[in-house]
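Reading through the structure tokens given below for one structure.
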Amino acid sequence: MKQWPDFNGDGDLPVGIHQATLAEVTQHFGTGSLRREIVARRLERIYGYARSTGQLYRFVVFGSFVTAKPEPNDVDIFMLMEDTFDSSKATGQAAIIFDNMAAQNIEGASVFWIRRMAAIGGEEAALEHWEVKRNKMSRGIVEVVTDA
């Protein structure tokens with residue numbers, strides 16, 4: 001069982017990329033309110049869609065869902081896809097998550113993605129970019145990893 005660090009005074013995770021399985025993420029952040037449970041189910045669906053492409057390299061969750069906020073607005077996701085990924089070949093429900101507006105309107109999620117080769121400054125820099133909030137303060141984010 002993952003031991004999560006305490007939230008800081010702003011209700012955020014400590015700065016850094018905190019790795020956890022999807023089950024650990026939904027168990028920790030997807031409880032406590034009906035809203036959190038609903039958003040956790042959205043996260044599970046989107047993760048499943050992304051994995052179904054066979055091209056998902058890294059999957060990061062950030063924003064209010066991975067904070068102490070009792071009622072998160074939605075789930076914010078950044079995906080790093082393999083260089084060979086072609087979003088026009090995504091079919092069915094999976095196609096929705098590669099269109100930011102459709103993902104927001106249909107899944108209630110803010111989903112951003114790039115191919116690995118597009119990660120200016122490297123893959124870690126691309127992930128770390130999402131640690132910075134709109135107010136320029138840093139926060140922790142969560143990378144969903146597969147079971148070992």
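Can you confirm whether Thr91 is of a type in the set (S, T, N, Q), closer than 23 Å to Val145 by Cβ and loosely packed, with under 14 Cβ neighbours inside 10 Å? Criteria not met by Thr91.
So, in the stretch 124-137, how many residues would count as being open to solvent by less than 30 Å² (accessible area, probe 1.4 Å) and hydrophobic (A, V, I, L, M, F, W, C)? Result for the stretch 124-137: 2.
Could you tell me whether Ala40 is part of a helix (DSSP H, G or I), farther than 30 Å from Gly9 by Cα and among the aliphatic types (A, V, I, L, M)?
Values: part of a helix (DSSP H, G or I): yes; farther than 30 Å from Gly9 by Cα: no; among the aliphatic types (A, V, I, L, M): yes.
Criteria not met by Ala40.
Can you tell me which residue within the stretch 1-23, out of those that are charged (D, E, K, R) and within 27 Å of Arg134 (Cα to Cα), is most open to solvent (accessible area, probe 1.4 Å)? Explain how you work it out, then say what you get.
To start, the set of residues in the stretch 1-23 that are charged (D, E, K, R) comprises 2, 6, 10, 12.
In the following step, the residues that additionally are within 27 Å of Arg134 (Cα to Cα) were identified as 6, 10, 12.
Working: Asp6: 129, Asp10: 113, Asp12: 9 Å².
Looking at the filtered set, the residue picked out is Asp6.
Taken over the stretch 45-85, the criterion of being basic (Lys, Arg) and in a strand (DSSP E or B) is satisfied by Arg58 alone. Every listed requirement among (1) buried (at least 17 other Cβ atoms within 10 Å of the Cβ); (2) in contact (Cβ under 8 Å) with a residue 60 or more places away in the chain is met by Leu80 save one, (2).
Going through (1) in contact with a Phe, Trp or Tyr (Cβ under 9 Å, 6 or more places away or on another chain); (2) farther than 22 Å from Lys133 by Cβ one by one, Thr84 falls short only on (1). When each of Ala68, Ala95, Ala119, Ala102 is tested for being of a type outside the set (D, E, K, R), under 25 Å from Ser138 (Cβ atoms) and free of Cβ contacts under 8 Å to residues at least 40 places away in the same chain, the lone residue that passes is Ala119.
Could you say which residue among Gly140, Gly121 is on the phi > 0 side of the Ramachandran plot, surrounded by fewer than 20 Cβ atoms within 10 Å (Cβ to Cβ) and of a type in the set (Gly, Ala, Ser)? Break it down into steps so the answer makes sense when it comes.
On the way: Gly140 fails: on the phi > 0 side of the Ramachandran plot.
Unique residue meeting the criteria: Gly121.
Checking Asp147, Asp99, Asp76, Asp83 one by one, the residue that is under 29 Å from Ser33 (Cα atoms) and at pLDDT 95 or above is Asp76 and no other.
The values are calculated or read from the model by the stated rules, or taken from the named source; none is laboratory data. All values reported here derive from a predicted model rather than from experimental measurement. A quick note on method: Cβ atoms are made from the backbone with ideal geometry, for glycine too, and the neighbour counts reach across all protein chains shown. All accessible areas refer to the heavy atoms of the entire protein, side chains included, with ligands and DNA or RNA removed. Shrake-Rupley method; radii C 1.70, N 1.55, O 1.52, S 1.80 Å.
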